[in-house]
Amino acid sequence: MQAIIAEKASQAEALAAPFRHAKKGTHIEIAPCETFPDGALLAWCSGHLFEIVPPHEMDPKLKRWHLETLPMIPETFKYKIIPAKTSRFKAVKEIIRNPAVTEIISAGDPAREGELIVQLVVRMSGVNKPMRRLWVSSLTPRAVEQAFANLRPIEETMPLYHEAMARSYADWLIGMNASRAYTLLIQSKTKGAGRDVYAVGRVQTPTLALVVKREKEILAFVSKPFYEVVASFNMDGALYEGKWIKEKETRFYERENAEAIRDECMGKEAEAVEVKTENKPVPPPAFHSLSTLQALANKRFNFSPKKTLEVTQALYERSYVTYPRTDSNHVNPEEAAAFPAILRKLSQLEPYEQWAAGTTRSILSDKRYVDSKKVSDHYAIIPTEKVPALHSLSGDERKIYDLIARSLIAAHYNPALFAHSTIRTAVGPHIFVTNGKRLIEPGWRPVLFEKEKEDVLLPNVKEGQKGIAEDVKVVEGKTVPPKRYTEGELITAMKNVGYTVEDKELGNVLKSVSGLGEESTRSNIIERLKQLDYMKIEEHRVVPMAKAFVLIDAVENTLLASPELTGRWEQRLKEIGKGQAPANVFIEQSKRLAQKIVQDAIEHSAGWSFDAPSKPAARDHQPLGACPRCGSAVIDKGKFYGCSAYQSSKCGFILGKKMLGKSISAANVKKLLDKGKTNLIKGFKGKQPFDAYLVWKDKNEGTVQFEFKASKKQ
């Protein structure tokens, strides 16, 4: 008899569904059949049942945090049962130890963590029975039956277990040691006023650095006016507008220069020196990986990445979509062969009836979607042949299913075709450009977009045609700072981080690596940073807290703040998962790295200079004025000015000490807070040096902009 160990209860039910079975309380019994001649017992975990023992349980002396006890390097790592899951482990262990069971089938999720969860439970049960691996990315009955008929040798997936173990050990070594070191050192530098714990992690800290870097760019940004020259042309009755352009630049930062162009062109003869139309096809979007689905759901529905993963996982466990924790946008030919049948079933659902039944092409040979070389462990997220009754889905499930279903349908339509038109109009030596865009063939776009933007149509003007610049005006605008990340944009930024690393052990070969973390863990990293009070969500955008600035300033110019460490780790861990590198060597390197991180933190701390986020005025750092957001005192916090009420109210108001290369004095901050306007500050560094006042752009938000001294000509 075989024992099947699944990762969770819903998954166990899906694995039992194709066979005659009966639920027996804590497990499922599968009756004898062709697949299981002696029947089978099916038990399930509840996610991870074990965790690495914390430091103080390894050694009571480690309960109190002291620099002298760092680094903490266990000779061996021990696991303990998670207290709330004791009964679940007991139920699984009884099945594994059943004398009638002669073989164990590991049936966790088809990924690294699924491998670890089941293998660890088997090992902690104290048995040594033959094992094989079930690997299935779709939980439909047909896919499950095929997977049971093609079980893999456990040796084939054992490297994933070693990768998962090495990853958890290394994360423990870095996280435990770095968090204690930086917490103790930061607290000592802030004179004990701030008792925050500064948790550090090899992925979460460089992710936080992305958020803080963006916020510093916003704080340092001061809005600056610019001017563009727009002309209205009449070419024998053909009317259109054009914008002055020179070497791809359309903006002036001095009004006088824009007005000079206006005066030179007003009422003058104009000639259409170039008229060009180019048709550009736009193919349907690629299938969804987890990160692209998370980014789209965040943009469309304001779903957090965590929520998108949870909803998609629920759809997977009900067999409606394929495995969600994938970084691939492609499928294998085997999956693509089922597309016609899936489309026929989707065409029976009212929202997709028109589109799924009217597809215009096959994609079986289109490598944009079907390419085995671009599929690693898992293929893209697609609907399965088990199409749900939509009324049976929750509102959130229906939204996510809709994104996945329409992605598949849209891929089976022709590219959209746009006509891009350009008119370049000369007025003497000055060139004005006019751009138009028209949708010629909608192709796939109606499947994904209910409404299209209106076409920008240009008049029928011929090259060489002459007319007049009837009106020319100067249009004023203002530069805007970069925006804070949405959670979806942060997921994309984590995925697209690029860098190179040098691995001397591989002969000084430079390797390009991308991404912070993995597809399956990025949403957890973002949630963790929120739980640790490093950042929060305001109006659907990610805002770093004052605590985040302190940590990122402390780890500045170290591996912990950059993607380099994560890149090296991910590269080596993937090699372990493929059986190309030994796990024990990686773990020993991680122990040495933990020691170096502690030593570097101690050495660098001598140069730290920042105030505790919660500390009010001290010595020469007196209150500068009232916080525009909450009314509490604004103080000098070392590298920036900020609200003193961060600790009590989490007010996140801060103002950078440098803007466009110019230091902002405490006296000017006082004046800004009191009068709403600084003195004239000279020497800002734009494209050309300039002088300006700082005034509030939005006092409630605490954002500022430039105000320029009135021109003498005026």
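Data for the structure
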quantity	calculated
Local net charge near ASN414, Cβ-Cβ under 11 Å (Lys/Arg +1, Asp/Glu -1)	+1
Residue-count net charge about ASN668 - beta-carbon cut-off 15 Å; Lys, Arg +1, Asp, Glu -1	+4
Sites matching GluC sites (Glu not before Pro) across the range 14-110 that sit in DSSP coil, with at most 10 neighbouring C-beta atoms within 10 Å	GLU34, GLU75
Computed label-point distance, nm, for sites ASP455 and SER376 using a 7 Å Cα→Cβ extension	4.5
Estimated FRET transfer efficiency when R0 is 45 angstrom, pair VAL273-ASP171 (beta carbons, to 0.05)	0.15
Residues in the range 76-94 that a label on THR26 would reach, taking backbone N under 16 Å of a point 7 Å out along Cα→Cβ	81-94
Antiparallel content of DSSP bridges confined to the chain, in %, to 5	85
Segments 149-162, 5-18, 541-554 sorted - mean Cβ within 10 Å per residue, highest first	541-554, 5-18, 149-162
Inter-label distance for VAL127 and ILE440, nm, one decimal - labels placed 7 Å from Cα along Cα-to-Cβ	6.7
Note, ³J(HN,Hα) from phi for the range 422-439, Karplus 6.51, -1.76, 1.60, rounded to Hz, x at Gly and Pro	9, 10, 10, 10, 9, 10, x, x, 9, 10, 10, 10, 10, 10, x, 9, 9, 7
Amide proton proximity set for LYS677, modelled H, under 5 Å, gap of 5+	LEU672
Contact order normalised by residue count of the range 214-366, Cα under 8 Å, 6+ apart, percent	13
Heavy-atom surface of the range 135-220, accessible at 1.4 Å and reported per residue (Å²)	34
Pairwise label distance in nanometres, ASN150 with SER392, each label 7 Å out on the Cα-Cβ vector	2.6
Residues of the range 291-443: accessible area per residue with a 1.4 Å probe, Å²	42
Net charge contributed by nearby residues that have their C-beta within less than 12 Å of PRO482 (K/R +1, D/E -1)	+3
Lysine-lysine proximity count for the range 211-288, Cα under 29 Å, sequence distance 8 or more or distinct chains	17
Nonlocal Lys pairs with alpha-carbon distance under 30 Å, the range 1-122 (8 or more apart, or different chains)	27
Matching label, mean projected area of the Cα convex hull in nm² computed from the structure shown, candidates (1) 32.1; (2) 43.5; (3) 38.3	(3)
Relative packing of 522-529, 700-707, 262-269, which averages over residues the other C-beta atoms within 10 Å, highest first	522-529, 700-707, 262-269
Cα gyration tensor shape for the range 112-163, rounded if a/c is under 1.5, else prolate or oblate	prolate
Value at 222 nm in deg cm²/dmol, rounded to 500, when DSSP H runs of n ≥ 4 in the chain each add -39,500 (n - 2.57)	-11000 deg cm²/dmol
Portion, in percent, of the accessible area of the chain that falls on carbon or sulfur, probe 1.4 Å	49
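The values are calculated or read from the model by the stated rules, or taken from the named source; none is laboratory data. What you see is a predicted model; the values in this text were computed from it and never measured. Glycine gets a Cβ as well: all are built from the backbone with ideal geometry, and neighbour counts include every protein chain shown. Calculation scope for accessible area: heavy atoms of the full protein, side chains included, ligands and nucleic acids excluded. Shrake-Rupley method; radii C 1.70, N 1.55, O 1.52, S 1.80 Å.
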